[in-house]
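Heads up: the structure comes next, in structure tokens.
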Amino acid sequence: MLIALEGEELEQAGHMAEDIFVRMMKRRRAELGLSQADLAERVVRLGGSMYQQTIAKIESGQRAVRLAEADVIAQALEATVTKMLSAAIDEAASGTSRISIFDLLTQMKKLEHRIMGAEAMLADANDAAEAAQTRVAEAEYALMLARTEVQRQAARRDELVRELRHLSRLSTEKQNEFNRRLGPRWRETLEKNPELEWETSSSEGDSVGSVEESREDE
């Protein structure tokens, strides 16, 4: 069943058909190895009136192609308007499109360059990742050493604190002893006669023995 097109729909269909024809015209001319001037010359030989500039304007979309001109151009391209439009429709229906071998080679070359660039960037990224991993390993080792040093210094501090407490206890015991033996002014007495510090009974001597022995008892 034919559907009648009117007004704007008809105009749009005409523009679409013209665009398809021009696209197929350029393709067909390239397939035949014709320049724009060669095609214009063929059109003239077939009784048409066409210049190379006219062909260029039609192909660039600067000038519309008339129906009569389309018939002669199609003949000059060894085809018909119907065949050229049908070929475009068949390609659209099948989802395939012909492409020049030179276009294929150009696209392949571009892709090869892009792949090379991607590989170079990948190599740089790998190097950066390895360097970062090395820094992480070095940082982890430094952290381990620092934690070990923290533990060692903490143990040393605890040992010094215990020693200070021990000496403080001995000092308190001695002061109490001197205060009992020599009175409240025992400091002055010992400064005048230091030998009095060691005149203690055997029991008192045991209580104020060497620092090392008292530390072992703890």
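Looking at Thr134, is it among the β-branched types (Val, Ile, Thr) and at pLDDT 90 or above?
Details: among the β-branched types (Val, Ile, Thr): yes; at pLDDT 90 or above: yes.
Taking the combined requirement at face value, the residue satisfies it.
Would you pick out the residues in the stretch 83-98 that are loosely packed, with under 10 Cβ neighbours inside 10 Å and either at pLDDT 80 or above or not small (Gly, Ala, Ser) (or both)? Before the answer, list the steps.
First pass over the stretch 83-98, keeping only residues loosely packed, with under 10 Cβ neighbours inside 10 Å: 93-98.
Hits for the stretch 83-98 are Thr96, Arg98.
Which numbered condition trips up Arg28, out of (1) at pLDDT below 90; (2) closer than 15 Å to Val81 by Cα; (3) surrounded by 13 or more Cβ atoms within 10 Å (Cβ to Cβ)?
(1)
Does any residue of the stretch 103-117 turn out to be open to solvent by less than 70 Å² (accessible area, probe 1.4 Å) and at pLDDT 85 or above?
Among the residues of the stretch 103-117, at least one is open to solvent by less than 70 Å² (accessible area, probe 1.4 Å) and at pLDDT 85 or above, which makes the answer yes.
Being more than 28 Å from the chain's Cα centre (by Cα) and touching a residue at least 24 places away in the same chain (Cβ under 8 Å), is that true of even one residue in the stretch 145-152? I'd like the intermediate steps shown before the answer.
Initial filter on the stretch 145-152 (more than 28 Å from the chain's Cα centre (by Cα)): 145-152.
Then keep just the ones that are touching a residue at least 24 places away in the same chain (Cβ under 8 Å); that gives none.
No: zero hits.
The values are calculated or read from the model by the stated rules, or taken from the named source; none is laboratory data. It should be emphasised that the depicted structure is a prediction, and the values quoted were computed from it without experimental measurement. Ideal geometry is used to build each Cβ from the backbone, glycine not excepted, and the neighbour counts take in all protein chains shown. We work out accessible area using only protein heavy atoms, side chains counted, and drop any ligands, DNA or RNA first. Shrake-Rupley method; radii C 1.70, N 1.55, O 1.52, S 1.80 Å.
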